[in-house]
Amino acid sequence: MRELEHLEGVLNYKFKDQSILRLALTHSSYANELRDKSSDYNERLEFLGDSVLGIVISEYVYSEHPDFKEGELTKMRSKIVCESTLAEVAAELDLGEYMLFGKGEALTGGRTRRSILADAFEALIAAIYLDGGFEIVKPFIYAFMQEKIDMAEKGLIVDDYKTHLQELIQTKKDNRIKYELMEENGPDHRKLFRTAVKLNGNVIGIGEGRSKKESEQEAAKMALRSGKFEETL
């Protein structure tokens, strides 16, 4: 209960019915481990939260970009509400630390798994919507996603950061980009890779991930968002 009250402080919202917040933070592995058919988890809330989030972001993009055609509106919305973006917001809120997991899921990295965090954030949106209404959840979404919205509008959220970085540095033919694995830690089932991306020998970004590919994408993303690659062009 104290943990949920602390989270309410982080969210700047006090639930009238705190049980719905607890449900939003309950993973299926926890309910399954209890072996109680009456136990519920956040899957249904996730479904609702996805729709609520979609309406809010669609309205924003529609209003702020009157010159956009339907395809452009759809593309912008998908960048803002993509799994990686939602997972980042959830991580910034430390949602994984508040979640209820089965022992197996908790031991295999569930608290930091991107798909789980993204789903939990959508479930949280639904919980606030059901508890407080649309006029409460709308400013909540803006408060915690405005930075991601701004980044998407600046072209800093892409599906493939490595490809996007490569395209940007190809303005000069002699530019050379290289990804170097710096560290590899943890047991086989929970490996953590740390990779540096270098441009013409200079480190422009460092990223971590559960696979080499994921750490390289994170490194490219950090390079794009920090703007360090521009200093070496």
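None of the figures in this text is laboratory data; all of them are computed from the coordinates on show. Here the structure is a predicted model, which is why all the values come from computation and not from measurement. When we count neighbours, we look across all protein chains shown, and the Cβ atoms used for this are built from the backbone with ideal geometry, even at glycine.
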Diffing the stretch 119-134: the Karplus 3J(HN,Hα) column from phi (6.51, -1.76, 1.60, θ = phi - 60°), in whole Hz with x for Gly and Pro, holds 5, 5, 5, 5, 5, 5, 4, 5, 4, 5, 4, 5, 7, x, x, 5
Kindly provide the pair-distance distribution of the stretch 106-233 built from C-alpha pairs, with 10 Å bins from 0 and whole-percent values in order of increasing distance. 12, 32, 29, 20, 7, 1
Inter-site label distance for residue 55 and residue 180 at 7 Å from Cα along Cβ, in nm: 5.2
Ratio for the stretch 161-231, C-alpha Rg to 2.2 N^0.38 Å, reads 1.11
With both bridge residues required to lie in the chain, what share of the DSSP beta bridges run antiparallel, to the nearest 5%? 95
The simple spin-label model distance between residue 150 and residue 43, using points 7 Å out along Cα→Cβ, in nm, is 3.9
How about the stretch 140-225: which trypsin sites (Lys or Arg not before Pro) there lie in a loop by DSSP and see at most 15 other Cβ atoms within 10 Å? 154, 172, 173, 176, 191
Relative contact order (%) - the stretch 161-231, alpha-carbon pairs under 8 angstrom, separation at least six: 27
Checking the cross-link filter: which lysines have an alpha carbon closer than 23 Å to that of residue 221, excluding same-chain neighbours under 8 positions apart? 75, 79, 148, 154, 162, 172, 173, 178, 191, 198, 212, 213
Gain on full stretching of the segment that runs from residue 70 to residue 163 - 0.36 nm per residue minus C-alpha separation: 31.0 nm
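Rounded to the nearest 0.05, what FRET efficiency is calculated for residue 107 and residue 6 with R0 set to 35 Å and r the Cβ-Cβ distance?
Working from the Cβ atoms, E equals 0.90.
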Hey, rough spin-label estimate for residue 97 and residue 16, points 7 angstrom out along Cα→Cβ, what's it come to in nanometres? 3.0
For residue 213 and residue 33, FRET efficiency with R0 = 30 Å and r from the beta-carbon atoms, rounded to 0.05? 0.45
What is the distance in Å between the Cα centroid of the stretch 43-114 and that of the stretch 156-233? 24
Rounding to the nearest 20 debye, state how big the charge dipole of the stretch 2-153 is about its Cα centre with +1 on each Lys and Arg Cβ and -1 on each Asp and Glu Cβ. 380
Using modelled backbone amide H atoms (1.01 Å from N, in-plane), which distant-in-sequence or interchain residues come within less than 5 Å of residue 205's amide H? 197
Where Lys and Arg each count +1 and Asp and Glu each count -1, what net charge lies around residue 15 among other residues with Cβ under 12 Å from its Cβ? -1
Directionally averaged projected area (convex hull, Cα atoms, the chain), nm²: 14.8
Length-normalised contact order for the chain - Cα pairs under 8 Å, 6+ apart - percent: 17
